[in-house]
Amino acid sequence: MKSRRIAVGLVVGCGILAWGVRGLQSQGQSQSNAVQLHMVITDQALTADREVPVLQQNNVQVKVGKDSPKVEHLIPAQGDSAALQLFLLIDDTCEPTAIGSNLNDLRDFITAQPVSTVVGVGYMSNATVQIAQNFTADHTLAAKAVRLPRGSSSAMDSPYLSLAGLVKGWPQQKLRREVLIISDGIDRLRGDTTGDIGAPNPFASAGPRGRMIGAPAASTMPTISSDADTASQASQRYGVIVHSIYATGVGRLSRNGWEAQLGQGGIAKITDETGGEYFALGTQNAVSFKPYLERLQKLLENQYFLVFQVTPRNKGGLQRIRISTDVANADIAAANNVWVPANGG
């Protein structure tokens with residue numbers, strides 16, 4: 001199925017969960033110029049050997065910019081509010097042997113999802129997403145769509161542009177929307193062009209024939225792909241939480257330790273900034289995805305809808321948000337920014 005049909009496939013899935021999250025309907029604005037916002041947060045235990053503590057509305061604090069809005073609702077993502085759209089996104093540049101032994105782990109994870117979860121499956125290639133299975137409540141059908149990555153690459157492969165394209169075409173609803181990416185994070189589209197040219201030397205002078213003496217040579221040292229910011233901001237803009245599992249890719253870039261670390265850094269940046277989790281054993285492949293997937297399932301089972309009001313600005317945009325709690329042993333994961341529409345928009 002061609003990538004241009006992504007949005008169409010997502011609309012079909014959204015229809016299944018049109019009931020969305022009860023209790024998040026607008027109850028009127030308590031302030032004449034305020035807008036009601038909602039976002040998903042994940043409750044975790046600060047230490048792994050203890051149970052995840054329960055959060056209450058009165059012990060969660062929100063700070064948006066310099067403002068400290070009151071939490072209006074804190075709704076556990078359970079029961080009638082458990083709706084989840086989960087998209088499995090596998091990088092086709094991954095080495096097949098890096099994932100092959102874990103295909104059944106992924107399939108088992110999908111089939112074990114509760115009835116409130118719809119699952120989609122897609123493959124990243126050429127900076128787009130090829131849909132293998134549109135969102136469906138038939139978890140067995142979704143599991144059957146999971147295949148080995150092709151283990152091929154081109155000059156156009158970018159997991160960041162693939163992710164950005166996916167979330168931008170994802171119809172918005174008041175329910176959980178999350179992505180699990182399997183990738184090494186290497187941006188093959190940008191390649192070595194991510195290096196800086198170096199800072200100018202203020203003491204450089206013109207020599208014979210106009211040649212600059214003391215001017216720095218161009219640096220080819222690569223950096224994290226600039227498109228990691230693009231994908232992260234798009235995900236935060238549309239309220240999508242991103243999780244990822246590391247798997248090695250094919251080609252010479254995947255064998256370059258520096259590039260591998262930069263790839264990990266790019267994906268880890270996105271997961272952290274969207275409130276997700278990154279799973280990796282350095283640049284080595286995991287023997288089994290099962291422990292990662294069990295951890296991810298626990299995260300999905302301890303999420304809340306946070307509802308609050310803020311005063312909009314003249315122009316809509318992402319605003320920095322900080323969420324904290326005074327509950328002992330609680331560690332909240334949430335996006336770094338929240339989208340606030342323009343005043344009157």
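I need a count of the residues in the range 42-57 that are in contact with a Leu (Cβ under 9 Å, 6 or more places away or on another chain) and open to solvent by 60 Å² or more (accessible area, probe 1.4 Å).
The number of residues fulfilling the criteria is 2.
Counting only residues that are within 23 Å of His73 (Cβ to Cβ) and open to solvent by less than 20 Å² (accessible area, probe 1.4 Å), how many does the range 165-179 have?
4
Within the bounds of the range 295-309, is there any residue that is among the aliphatic types (A, V, I, L, M), modelled with pLDDT of 95 or more and assigned to a strand (DSSP E or B)?
Within the range 295-309 (the criterion being among the aliphatic types (A, V, I, L, M), modelled with pLDDT of 95 or more and assigned to a strand (DSSP E or B)), the answer is yes, since at least one residue qualifies.
Of Ala132, Ala98, Ala164, which residue is over 17 Å from Ser225 (Cβ atoms), in a helix (DSSP H, G or I) and among the hydrophobic types (A, V, I, L, M, F, W, C)?
Among Ala132, Ala98, Ala164, only Ala98 is over 17 Å from Ser225 (Cβ atoms), in a helix (DSSP H, G or I) and among the hydrophobic types (A, V, I, L, M, F, W, C).
Quick check on this structure: which one of Ser30, Ser68, Ser3, Ser26 is of a type in the set (Gly, Ala, Ser), open to solvent by 10 Å² or more (accessible area, probe 1.4 Å), modelled with pLDDT of 90 or more and over 28 Å from Arg295 (Cβ atoms)?
Ser68
Which ones in the range 242-295 are open to solvent by 20 Å² or more (accessible area, probe 1.4 Å), of a type in the set (Phe, Trp, Tyr) and either out of contact with any His (no Cβ under 8 Å at 6 or more places or on another chain) or touching a residue at least 40 places away in the same chain (Cβ under 8 Å) (or both)?
Matches in the range 242-295: Trp258, Tyr292.
Leu318: in contact (Cβ under 8 Å) with a residue 60 or more places away in the chain, open to solvent by 40 Å² or more (accessible area, probe 1.4 Å) and either among the acidic types (Asp, Glu) or in a strand (DSSP E or B) (or both), yes or no?
It is true that Leu318 is in contact (Cβ under 8 Å) with a residue 60 or more places away in the chain, open to solvent by 40 Å² or more (accessible area, probe 1.4 Å) and either among the acidic types (Asp, Glu) or in a strand (DSSP E or B) (or both).
Looking at the range 257-267, can you tell me whether even one residue there is within 22 Å of Met39 (Cα to Cα) and modelled with pLDDT of 95 or more?
Taking every residue of the range 257-267 in turn, at least one turns out to be within 22 Å of Met39 (Cα to Cα) and modelled with pLDDT of 95 or more.
Which of the following residues is without any contact (Cβ under 8 Å) to a residue 60 or more places away in the chain, outside any strand (DSSP E or B) and among the hydrophobic types (A, V, I, L, M, F, W, C): Val115, Val52?
Sole residue among the options that is without any contact (Cβ under 8 Å) to a residue 60 or more places away in the chain, outside any strand (DSSP E or B) and among the hydrophobic types (A, V, I, L, M, F, W, C): Val115.
Only one of (1) touching a residue at least 40 places away in the same chain (Cβ under 8 Å); (2) buried (at least 22 other Cβ atoms within 10 Å of the Cβ); (3) farther than 15 Å from Gly151 by Cα is not met by Cys94, so which one is it?
(3)
Could you please give the count of residues in the range 236-283 that are β-branched (Val, Ile, Thr) and not in a loop (DSSP other than H, G, I, E, B)?
Adding up the residues that qualify gives 7.
Between Ala286, Ala335, Ala328, which is among the small types (Gly, Ala, Ser), touching a Pro at 6+ places or on another chain (Cβ under 9 Å) and in a loop (DSSP other than H, G, I, E, B)?
Testing whether each residue is among the small types (Gly, Ala, Ser), touching a Pro at 6+ places or on another chain (Cβ under 9 Å) and in a loop (DSSP other than H, G, I, E, B) leaves just Ala328.
Among the candidates Ala127, Ala155, Ala112, Ala137, single out the residue that is of a type in the set (Gly, Ala, Ser), open to solvent by 10 Å² or more (accessible area, probe 1.4 Å) and in contact with a Phe, Trp or Tyr (Cβ under 9 Å, 6 or more places away or on another chain).
Testing whether each residue is of a type in the set (Gly, Ala, Ser), open to solvent by 10 Å² or more (accessible area, probe 1.4 Å) and in contact with a Phe, Trp or Tyr (Cβ under 9 Å, 6 or more places away or on another chain) leaves just Ala127.
The values are calculated or read from the model by the stated rules, or taken from the named source; none is laboratory data. As the structure is a prediction and not an experimental result, all values here were calculated from the model. Glycine also receives a Cβ, built like all others from the backbone with ideal geometry; neighbour counts cover every protein chain displayed. The protein model used for the area step is the full one, side chains on, heavy atoms only, and it has no ligands, DNA or RNA in it. Shrake-Rupley method; radii C 1.70, N 1.55, O 1.52, S 1.80 Å.
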